[in-house]
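Enquirer: Pasting a structure here, questions to come.
The values are calculated or read from the model by the stated rules, or taken from the named source; none is laboratory data. On a predicted model such as this, the values are computed, not experimentally measured, just so you know. Ideal geometry is used to build each Cβ from the backbone, glycine not excepted, and the neighbour counts take in all protein chains shown.
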Amino acid sequence: MKPQTIELTARRETAVMRGFLALVLGVAMLFAQAMAVQARGTPEGFADLAEKVSPAVVNITTTTTISTGAGPMPNLPEGTPFDDLFRDFMGPNGNGQPQQRRGQALGSGFVISEDGYIVTNNHVIEKADQISIEFFSGKTLEAKVVGTDPNTDIALLKVESDTPLTYVPFGDSDKMRVGEWVMAMGNPLGQGFSVSAGIVSARNRALSGTYDDFIQTDAAINRGNSGGPLFNMDGEVIGVNTAILSPNGGSIGIGFSMASNVVKNVVEQLKQYGETRRGWLGVRIQDVTPDVAEAIGLDKAIGALVTSVPEGPAKEAGIESGDVIVEFDGKPVPDTRELVRMVANAAIGKPVDVVVFRDGARETVTVTLGRRETAQAAVPAATGPDSREPREMQMLGLTVIPLTDEMRAQLQVEEGTEGLAITNVDEMSGAYEKGLRAGDVITEAGQQKVATAADLQARIDATKEAGRKSILLLIRRQGEPRFVALSLQE
């Protein structure tokens, strides 16, 4: 090959390589830019969002009558230096009659309909004699309470306006992900219509309420923000700002907003009935732990374990103590907290299919739900007097004895209940580690009733023969039931 040809070939190869490298670099840059856009997600600002929603956010001022001062006037010598002071404190007549003064409190809220419905926290307007609503435009209207729900700390107010009001819609709080941007707006420390922004720090937080489902955020929330909205970037309300965690009363970046999907149901009921009407199943439940799941042959530690069934919808439908509720109205039940929410959100009088795990198999029962607010649990029927001779026995690190009438009274066990009273627990045993103590009462073992030590031993033997490593005991302490799984391999 001639040198000239070699040089041309080398040039062509170099050009091809340069073109290939340029193509690779171009693709890499495009990929990097796409990843940056996807990962960035940071809004350029919140000005447009704030301008859009501000007309629907309100400041709330409440006025309350407070009684102060009480008790008789101290018997002081006439002309004492403290005479005027005590008369001012005790009242003009010095008779110790309570004096009244007017107190004010501040909060936030938001309009949810053009005809004047407003949502806020119950604690913002609780015991208020007068509620004044200030709008972003400066207009002020008096509000009336439509209804309140202390369980979720939500209140629904109503104002009368000559013109339609700007309002904001609820969003789907279940779609919010940890890390997404949110914006809070309200009346913190009396600084009305203030905006703060942050992200969703966590979801499904529970503080102290039965129906708690809080969104945790680091958007600044302070006193006066209570009842105000937490917005997603589409201008939808995904939470109602309710509480903060703080050692000093100010925001440290741990705020809690009640999830909008909880609030929506409450608001609809308050609007329709002036009160809440939650579904009632009528069971006492506890979470399923891994050892409990193993003891009853359940593949996973899911569902809600029924500890007792008083008179009510569940008992009428055939649900039993020891059942594990794994589905409710076609939806899986991950734990007790979620079951409580499902039942509460279900309609009263609605027939619901409930799937329970019982004796190693799934069964479906249909329950017609009652109303929780008016439910009154009945006392379970007695099973008859105890005529057995008390005899102590030791097993599983426990010393047990059949219940007597005297023991039932002492241990706060319902009359007629059969079972075994625990008189001693070996501190080196698994039973002690699981929290069993003298004074506890065993009423079931392996999901079967026990009245004697022989009954308990029979259930232990049957559980071992079934190849299980632990046995499930139903324990009552001061009348309250709970399940405990004890290892049989000690």
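Enquirer: The conditions are (1) outside any strand (DSSP E or B); (2) under 32 Å from the mean Cα position of the chain (by Cα); (3) surrounded by 18 or more Cβ atoms within 10 Å (Cβ to Cβ), and Leu456 fails exactly one of them. Which is it?
Expert: Condition not satisfied by Leu456: (2).
Enquirer: Check off (1) aliphatic (A, V, I, L, M); (2) more than 18 Å from Gly227 (Cα to Cα); (3) at pLDDT below 95 for Leu165 and give me the number that stays unchecked.
Expert: (3)
Enquirer: For residues that are on the phi < 0 side of the Ramachandran plot and either in contact with a Lys or Arg (Cβ under 9 Å, 6 or more places away or on another chain) or free of Cβ contacts under 8 Å to residues at least 60 places away in the same chain (or both), scanning just the stretch 232-242, find the one that is surrounded by the fewest Cβ atoms within 10 Å (Cβ to Cβ).
Expert: Asn232
Enquirer: Looking at the stretch 459-470, can you tell me whether even one residue there is under 37 Å from the mean Cα position of the chain (by Cα), modelled with pLDDT under 85 and closer than 23 Å to Asp405 by Cα?
Expert: no
Enquirer: Next question. Restricting attention to the stretch 192-216, and to residues there that are part of a strand (DSSP E or B) and among the polar types (S, T, N, Q), which single residue is nearest to Asn261 (Cα to Cα)?
Expert: Asn204
Enquirer: Could you list all residues from the stretch 294-326 that are within 22 Å of Pro351 (Cα to Cα), hydroxyl-bearing (Ser, Thr, Tyr) and part of a strand (DSSP E or B)?
Expert: Within the stretch 294-326, just Ser308 meets the criteria.
Enquirer: Every residue in the stretch 135-159 that is more than 21 Å from Asn187 (Cα to Cα) and either outside the structural domain of Val124 (by TED's automatic domain parsing) or touching a Ser or Thr at 6+ places or on another chain (Cβ under 7 Å) (or both), please.
Expert: Answer for the stretch 135-159, where residues must be more than 21 Å from Asn187 (Cα to Cα) and either outside the structural domain of Val124 (by TED's automatic domain parsing) or touching a Ser or Thr at 6+ places or on another chain (Cβ under 7 Å) (or both): Asp149, Asn151.
Enquirer: Looking only at residues in the stretch 274-327 that are touching an Asp or Glu at 6+ places or on another chain (Cβ under 6 Å) and not hydrophobic (A, V, I, L, M, F, W, C), which one is nearest to Glu338 (Cα to Cα)?
Expert: Top of the filtered list is Asp287.
Enquirer: Among all residue pairs at least 6 apart or on different chains, which show Cβ distances below 9 Å where the first residue, located in the stretch 103-115, is touching a residue at least 12 places away in the same chain (Cβ under 8 Å) and the second is basic (Lys, Arg) and part of a strand (DSSP E or B)?
Expert: These pairs meet every condition: Asp115/Lys158.
Enquirer: Is one or more of the residues making up the stretch 282-293 touching a residue at least 12 places away in the same chain (Cβ under 8 Å), in a loop (DSSP other than H, G, I, E, B) and not β-branched (Val, Ile, Thr)?
Expert: yes
Enquirer: In addition: Kindly indicate whether Asn265 is of a type outside the set (A, V, I, L, M, F, W, C), farther than 17 Å from Val124 by Cβ and part of a helix (DSSP H, G or I).
Expert: Working: of a type outside the set (A, V, I, L, M, F, W, C): yes; farther than 17 Å from Val124 by Cβ: yes; part of a helix (DSSP H, G or I): yes.
For Asn265, the condition - of a type outside the set (A, V, I, L, M, F, W, C), farther than 17 Å from Val124 by Cβ and part of a helix (DSSP H, G or I) - is met.
Enquirer: Please name all residue pairs, on different chains or six or more residues apart, with Cβ atoms under 9 Å, provided the first residue is in the stretch 337-356 and is under 23 Å from Asp213 (Cα atoms) and assigned by TED's automatic domain parsing to the domain that holds Ile319 and the second residue is modelled with pLDDT under 90 and assigned to a helix (DSSP H, G or I).
Expert: Val343/Arg372; Ala344/Arg372; Ile348/Arg372
Enquirer: Okay, moving on. Specify the residue that is surrounded by the most Cβ atoms within 10 Å (Cβ to Cβ); the eligible residues are those in the stretch 415-453 that are in contact (Cβ under 8 Å) with a residue 40 or more places away in the chain and over 33 Å from the mean Cα position of the chain (by Cα).
Expert: Gly419
Enquirer: Which of the residues that make up the stretch 170-191 are more than 23 Å from the chain's Cα centre (by Cα), farther than 15 Å from Asn241 by Cα and assigned to a loop (DSSP other than H, G, I, E, B)?
Expert: Passing the criteria: only Gln191.
Enquirer: Now a separate question. Out of the stretch 135-148, which residues are out of contact with any Phe, Trp or Tyr (no Cβ under 9 Å at 6 or more places or on another chain) and of a type outside the set (Gly, Ala, Ser)?
Expert: Phe135, Lys139, Thr140, Glu142, Lys144, Val145, Thr148
Enquirer: In this structure, is Ser251 farther than 30 Å from Gly312 by Cα, within 16 Å of the chain's Cα centre (by Cα) and touching a residue at least 24 places away in the same chain (Cβ under 8 Å)? Outline the logic, then answer.
Expert: Numbers: farther than 30 Å from Gly312 by Cα: yes; within 16 Å of the chain's Cα centre (by Cα): no; touching a residue at least 24 places away in the same chain (Cβ under 8 Å): yes.
Considered against the rule, which asks whether it is farther than 30 Å from Gly312 by Cα, within 16 Å of the chain's Cα centre (by Cα) and touching a residue at least 24 places away in the same chain (Cβ under 8 Å), Ser251 comes out as no.
Enquirer: May I ask you to say which residue of Lys331, Lys271, Lys315 is surrounded by 16 or more Cβ atoms within 10 Å (Cβ to Cβ) and either farther than 30 Å from Leu486 by Cβ or at pLDDT below 95 (or both)?
Expert: Only one candidate passes the filter, namely Lys315.
Enquirer: Residue by residue through the stretch 233-248, note down the ones that are closer than 23 Å to Lys175 by Cβ and more than 21 Å from the chain's Cα centre (by Cα). I'd like the intermediate steps shown before the answer.
Expert: From the stretch 233-248, those closer than 23 Å to Lys175 by Cβ are 233-243; that's our starting set.
Met233, Asp234, Gly235, Glu236, listed by residue number.
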